[in-house]
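See structure below.
The values are calculated or read from the model by the stated rules, or taken from the named source; none is laboratory data. All values reported here derive from a predicted model rather than from experimental measurement. Reconstructed Cβ throughout: ideal geometry from the backbone, glycine too, with neighbour counts over all protein chains shown. Quick note on the areas: whole protein, heavy atoms, side chains included, nothing else; ligands and nucleic acids left out. Shrake-Rupley method; radii C 1.70, N 1.55, O 1.52, S 1.80 Å.
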Amino acid sequence: MLISESSEDDESSTEMMEVDDELQEAAAALCIGVGSFSDLPEIPGFAHFMEHMVFMGSRKFPQENFWDAFLSKCGGESNAWTDCERTCFYFVCPKGAFNKAIDIFAQFFISPLFNKNSVDKEIMAVDNECRMISSNDNERTRSIISHELVERGHPMAKFMAGNLKSLKEDPERLQVNVYEKLHAFYKRLYSAHYMTLVVHSVDPLDVMEANVVKTFSKVPNKYGSNIHYFCRIKNMAAVAVVGKVVVVVVVVVVVVVVLVAAIVIILLIHRFNIILYLPSEIPKPMFIKPPFQERSLNKLVRVIPMGDIHKMEIIWALPPLMEHYRARTIEYLSILLGHEGKGSILSVLRRK
Ligand SMILES: [Zn+2]
């Protein structure tokens with residue numbers, strides 16, 4: 001923060017601080033718990049393509065390049081990325097432009113346009129990205145592992161980047177309408193209860209909260225709390241009229257049916273590695289089988305690099321560690337292995 005050297009003029013000092021506040025950086029990021037694992041099976045790379053299409057205008061701000069033009073005018077920037085289970089969008093701009101920026105940003109999730117004219121252009125943008133990463137040796141190694149070693153049918157074996165073939169040529173041949181699928185995907189999965197928003201600004205918390213409520217409360221929640229799967233109270237009241245014997249019979253039949261259904265579902269899940277969605281809750285994908293089976297482990301994969309590099313990568317398959325994220329468990333291993341001090345594993349390996 002700027003402070004006037006000669007503090008004799010308090011008023012001008014305050015003015016300078018206010019101007020300075022306006023120029024401070026503000027930012028927001030919105031992350032959706034939906035990524036490439038949720039790709040439509042007939043359109044590999046769809047979640048990534050969807051990420052590209054989100055920034056292509058909204059009903060309130062329909063011009064295709066409005067967002068980019070606004071940010072470049074005020075000195076801001078924005079970007080987005082898609083990984084297996086998340087898609088994240090963010091922007092940074094001077095605080096003075098933040099209220100307008102967050103309004104434009106929120107509209108991408110309230111009423112995105114998915115302009116038909118932008119579809120081909122963004123498919124080409126995704127295709128270009130795919131060509132770029134396909135000559136990157138790290139990406140090539142990763143794709144060899146996911147295609148050759150990951151179990152067939154597991155989402156990790158998917159082609160997640162997407163290209164012209166997966167997003168346009170194949171869907172056209174199969175008569176799949178990508179444009180319609182965009183709207184259906186948005187309707188089904190771009191729901192407020194999947195989203196996490198982080199806002200960073202020099203504004204007081206109350207002001208920020210009011211601003212977020214004003215702009216983001218219109219983001220639709222497609223699995224609202226009014227949806228309940230089990231509504232037993234009314235049913236049981238009706239059954240009580242019939243008599244206790246009937247109740248017992250009904251309960252026994254229901255229990256048997258539920259048990260049989262549960263066994264069938266569990267067998268199906270194990271057989272086909274099905275992704276479960278529970279309509280009344282956040283439909284978290286559940287992957288019962290691990291991506292690597294016994295026969296894929298203890299393997300040495302040799303990759304001929306495109307660049308002039310020599311590299312060794314050792315990969316461990318670990319169980320999900322998300323629930324331990326506060327303890328940053330995995331980072332202990334990384335720090336221990338990467339430590340370069342005297343007596344460290346790395347120093348011993350380098351000496352040899
Ligand atoms: Zn991209």
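Just one of the listed residues (I133, I102) is within 16 Å of the ligand (Cβ to nearest atom), in a helix (DSSP H, G or I) and either open to solvent by 40 Å² or more (accessible area, probe 1.4 Å) or touching a strand residue (DSSP E or B) at 6+ places or on another chain (Cβ under 9 Å) (or both), and it is I133. When restricted to residues that are away from the ligand (no atom under 16 Å from the Cβ) and buried (at least 17 other Cβ atoms within 10 Å of the Cβ), the stretch 67-90 contains 4. In the stretch 105-130, of all residues being more than 16 Å from the ligand (Cβ to nearest atom), open to solvent by 20 Å² or more (accessible area, probe 1.4 Å) and under 22 Å from G45 (Cα atoms), the one that is nearest to the chain's Cα centre (by Cα) corresponds to L113.
Each row is one residue, and each column tells you yes or no for (1) surrounded by fewer than 16 Cβ atoms within 10 Å (Cβ to Cβ); (2) out of contact with any Asp or Glu (no Cβ under 8 Å at 6 or more places or on another chain); (3) not in a helix (DSSP H, G or I).
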position: V198; (1), (2), (3): yes, yes, yes
position: D203; (1), (2), (3): no, yes, yes
position: V207; (1), (2), (3): yes, yes, no
position: K214; (1), (2), (3): yes, yes, no
position: V219; (1), (2), (3): no, yes, yes
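Name the single residue that is nearest to the chain's Cα centre (by Cα) among those in the stretch 24-37 being crowded, with 20+ Cβ neighbours inside 10 Å and away from the ligand (no atom under 16 Å from the Cβ). Per the criteria, the residue is L30. Residues satisfying the criterion are absent from the stretch 42-53 (criterion: away from the ligand (no atom under 16 Å from the Cβ) and open to solvent by less than 30 Å² (accessible area, probe 1.4 Å)). Take the residues in the stretch 300-335 that are free of Cβ contacts under 8 Å to residues at least 12 places away in the same chain and open to solvent by less than 100 Å² (accessible area, probe 1.4 Å); name whichever of them is nearest to S146 (Cα to Cα). Looking at residues that are free of Cβ contacts under 8 Å to residues at least 12 places away in the same chain and open to solvent by less than 100 Å² (accessible area, probe 1.4 Å), I get L321. Give all pairs with beta carbons closer than 6 Å in which a residue from the stretch 77-88 that is over 15 Å from Y194 (Cα atoms) meets a residue that is within 9 Å of the ligand (Cβ to nearest atom) and at pLDDT 90 or above; count only pairs at least 6 apart in sequence or on separate chains. Between residues of the stretch 77-88 that are over 15 Å from Y194 (Cα atoms) and residues that are within 9 Å of the ligand (Cβ to nearest atom) and at pLDDT 90 or above, the close pairs are A80/E51.
Is it the case that some residue within the stretch 339-350 is within 31 Å of the chain's Cα centre (by Cα), at pLDDT 85 or above and loosely packed, with under 10 Cβ neighbours inside 10 Å?
Step one: of the stretch 339-350, the residues within 31 Å of the chain's Cα centre (by Cα) are none.
No, the stretch 339-350 contains no residue that is within 31 Å of the chain's Cα centre (by Cα), at pLDDT 85 or above and loosely packed, with under 10 Cβ neighbours inside 10 Å.
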